[in-house]
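Encoded as structure tokens, the structure appears first; notes follow it.
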Amino acid sequence: MSVTTSIVASSIPVRVVVRVRPLIPLEIETGAEECITVDDKSHSIFVSDRSFCFDSVFGSGCTQDFVYEESVRDLLNSSFSGYNTTIFAYGQTGSGKTYTMGTGVDDGLDEDNRGILPRMITDIFNKLDADTEKCAAEGTSYEIFASFSLMASVKNRFAEIYNEKVFDLLNNRNERLSIINNGDNVIVKGLSERRVYRSAEMFSILREGSESRRIGATEMNKQSSRSHAIFTITICKVSETEGTLRGKINFVDLAGSERLEKTKATGNRAQEGISINKSLSTLSKVIEALVTHASHIPYRESSLTRLLKDSLGGNAKTVMIACVSP
């Protein structure tokens with residue numbers, strides 16, 4: 001998916017940003033040099049003599065924390081206010097999607113290298129703690145917000161879409177699940193959802209699901225993700241006087257786009273690539289339709305866009321992080 005004109009975030013529900021990952025040790029050892037120039041003032045990247053403009057651009061020298069703060073941190077308050085939000089990591093295989101998103105939790109990573117998802121988890125529970133203390137300190141008004149700490153639930157689910165089929169990464173991943181519409185909501189029938197009380201529990205769930213995700217070797221990436229992983233956090237604020245306010249954040253680590261002639265994939269690997277590219281193509285069409293305010297949004301053309309229908313468009317907020325190898 002390419003974007004060649006600037007996108008104004010205030011007028012459409014989708015922001016597109018580009019993140020150029022740092023050179024990896026192997027590239028440095030073999031003397032590789034960066035071939036992409038980033039101009040953050042004009043929000044443009046330059047490849048050879050071609051320029052591409054986005055809502056924001058982040059060069060290889062940008063830290064994980066800077067990318068998080070500038071691109072997605074504001075979505076946290078939106079979700080606490082009852083809005084659905086979605087964060088995509090999009091790009092070719094090996095472009096740093098999992099590194100940027102942080103769905104491949106690695107206990108060996110130092111704090112500076114944590115991705116978007118671990119940082120958001122920490123901020124969610126910090127906000128819960130801060131708001132609880134604030135409500136308690138307000139005395140009589142605490143009754144209105146007291147349920148926030150005791151009854152506010154942070155529910156979590158982790159799904160995988162493989163060859164257009166949906167599986168549960170936290171339960172029986174061999175059982176295909178059905179996507180059904182329930183009014184304006186989209187439900188994955190049988191997908192497990194766990195209530196979480198502490199950030200450590202959510203990190204444990206993230207680690208459990210990440211270890212179950214399908215990976216496979218191609219000529220382009222020895223640890224290529226062969227599925228789209230969707231990590232969803234639902235935040236519910238319950239008040240006896242105001243009812244329930246619910247918002248969710250979807251973290252989508254997409255499988256890498258790829259060309260069969262470059263990956264040299266055959267058999268099942270080739271079929272995986274075809275399914276991956278089909279769903280990414282549909283996602284591109286959906287994003288384009290949202291950006292251009294088209295009368296028809298082709299959500300139903302793939303499992304990925306159908307599953308995320310209630311979190312794309314309308315009042316939902318979406319950030320697409322296009323990851324690029326330097």
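Summary table below
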item: Area accessible to solvent at residue 34, 1.4 Å probe radius, in Å²; result: 90 Å²
item: Accessible area of residue 301 in the full protein assembly, 1.4 Å probe (Å², nearest 10); result: 90 Å²
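The values are calculated or read from the model by the stated rules, or taken from the named source; none is laboratory data. Only a predicted model underlies this, so the values are computations on that prediction, with no experimental measurement involved. In case anyone asks, the SASA skips ligands and DNA or RNA and just uses the protein heavy atoms, side chains included. Shrake-Rupley method; radii C 1.70, N 1.55, O 1.52, S 1.80 Å.
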